[in-house]
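Remarks on the structure that follows.
The values are calculated or read from the model by the stated rules, or taken from the named source; none is laboratory data. Computed from a prediction, not measured in an experiment: that's the story for all the values here. Here the Cβ positions follow ideal geometry from the backbone for every residue, glycine too, while neighbour counts run over all protein chains shown. To get the accessible areas, we keep the full protein, side chains included, count just its heavy atoms, and leave off ligands, DNA and RNA. Shrake-Rupley method; radii C 1.70, N 1.55, O 1.52, S 1.80 Å.
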Amino acid sequence: MEDFLQLFNVRDILLHIVNTLILFVAIRLLVYKPVRKFMNARTERVQAQMDEAAAREAEAKQALEDANAQREEAARLAVMAQAESAEQARASAAETVEEARRQAEDIVAAAQAEADAQRRAAQADIQAQALSMAVEIAEKMIGRELQNKDNDALAREFLTKVG
């Protein structure tokens, strides 16, 4: 065993153990803690970036939903405006047709009134001519000139028979 102890010096082993412990503590203080602090800071930055990206994604989704809602509202308003325009066009067309119908009725009524007036004028003219001819015929038949009251009586009698 002495050979073994000579081969391995206890003091050297203890010094190596102490040196290893000192080296472990030094590395832990000088390297591990700063690396751990750096890694934690990096993890926090990455997490903050991911949170910001998630917030931006949520904002983008909300903006997309808002835009879709606005587009749907605009489409709905466009359909309503189109329907209102079509209704106004129909109302305007109906009003135009009604106005044209009224004008046509007015024209027909004016033409009928004019035709009635012309007919009455023609009847009056024909009656006057018939009366004049009746007087001439009566004068020729009687051979003398008739007086106005005779003319009136003959004219009434003639017109009653004629028409």
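Worth pointing out:
- Selected residue (only one of Gln127, Gln123, Gln118 is touching a residue at least 24 places away in the same chain (Cβ under 8 Å) and surrounded by 10 or more Cβ atoms within 10 Å (Cβ to Cβ)): Gln127
- Screening Ala81 with (1) modelled with pLDDT under 90; (2) open to solvent by less than 70 Å² (accessible area, probe 1.4 Å) gives one miss only, at (1).
- Taking the numbered list (1) open to solvent by 90 Å² or more (accessible area, probe 1.4 Å); (2) among the acidic types (Asp, Glu); (3) more than 53 Å from the chain's Cα centre (by Cα) in turn, Glu139 passes all entries but (1).
- Look at segment 46-61: where a residue is touching a residue at least 40 places away in the same chain (Cβ under 8 Å), no partner that is surrounded by 10 or more Cβ atoms within 10 Å (Cβ to Cβ) and among the acidic types (Asp, Glu) sits 6+ places away or on another chain with Cβ atoms under 9 Å.
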